[in-house]
Amino acid sequence: MINSIPDEKIAIILKTYAYCHDFFDAIVIDYPPQEKYHLTVNEYFESLDSYELQTKGVEQADLVDQFVSFLENMEARQKSVQWNIESLTIVGGQNKHGEQENVSICLRPGDVVSIVGPTGSGKSRLLGDIEWLAQGDTPTKRQILINDTIPPQSWRFSIEHKLVAQLSQNMNFVMDLTVAEFIKMHGESRMIGDIEEKIRLILEKANELAGEEISLDTPVTALSGGQSRALMIADTAFLSSSPIVLIDEIENAGIDRKIAISLLVTNEKIVLIATHDPVLALSAERRIVIKNGGIEKIIATSRTEKELLHELEALNQKLMNYRERLRTGGSF
């Protein structure tokens, strides 16, 4: 499509390439107004005032070629950060007492694993090892392999492109943006096309997760803890390029945990969840048991446990209903 850009309508180009505005900002040219959307790229640049362009050091004859070159470079950059992750392997290290873990677990896209253990046992440390792609250089001496090999150093320390997305227990926004502006900014930074559709989809899914409705014009600083977590899970599912997602105690967020996991798994991400919630723990195909800072064992969820899970889910739903009645002042 790049070669046909000069003859495409401005409206189509702006919708397809969300990062177009960066080009206009860079050469200090006004972004195309809506009344010009019917023009082709060639026609639009020809309609600009040549004298005004010259005062800005821009040659009108070169504008189309510069614009096409810009989009080519951005598209190439976008493809260069696409991950091809077939597996994540955790190779055991040692616990707090220096005892060897002697375990290894391999995860693939679509897998969900829960991490269980008492408070202070080392669940967050395991998440940290995965986030940093540890190579025996953390207190646990664990090693993380990607596609059965040691990942490049650039993957470990890249600020712009992260292999791992982590949703922590505490989440606070400090930017003065609405929900719509926040999603749009993230989408544009990821060079996502058709950003308006992504905004609609993320808001829809966030509201399925959250107990309180979120609107597009809500300031992100005004979101509750549950709303913030719901927004970030939906955002991670549909906008984040990170193929590995770490979640720390999602049960404390006041959101629909089952939908949250389903949303992430549907988008082919590897999901690890540190949790105290038995329903959430049994919802995973496997669970990593942490004790004394080390991996004690890895348990596959049995058929009996899956049958008991339905009973636990029913009981959990009753408790949630009672909690909601108490919150709203209803009767029992």
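Being under 23 Å from Val103 (Cβ atoms), at pLDDT 85 or above, touching a Pro at 6+ places or on another chain (Cβ under 9 Å) and open to solvent by 20 Å² or more (accessible area, probe 1.4 Å) narrows it down to one residue among Lys297, Lys291; which is it? Result: Lys291 is the single residue among Lys297, Lys291 that is under 23 Å from Val103 (Cβ atoms), at pLDDT 85 or above, touching a Pro at 6+ places or on another chain (Cβ under 9 Å) and open to solvent by 20 Å² or more (accessible area, probe 1.4 Å). Taking the stretch 296-327, which residues are among the acidic types (Asp, Glu) and assigned to a strand (DSSP E or B)? Matches in the stretch 296-327: Glu296 only.
The values are calculated or read from the model by the stated rules, or taken from the named source; none is laboratory data. What you see is a predicted model; the values in this text were computed from it and never measured. Because the Cβ atoms are built from the backbone with ideal geometry, glycine has one as well, and the counts that use them run over all protein chains shown. Accessible surface areas use protein heavy atoms only, side chains included; no ligands, DNA or RNA. Shrake-Rupley method; radii C 1.70, N 1.55, O 1.52, S 1.80 Å.
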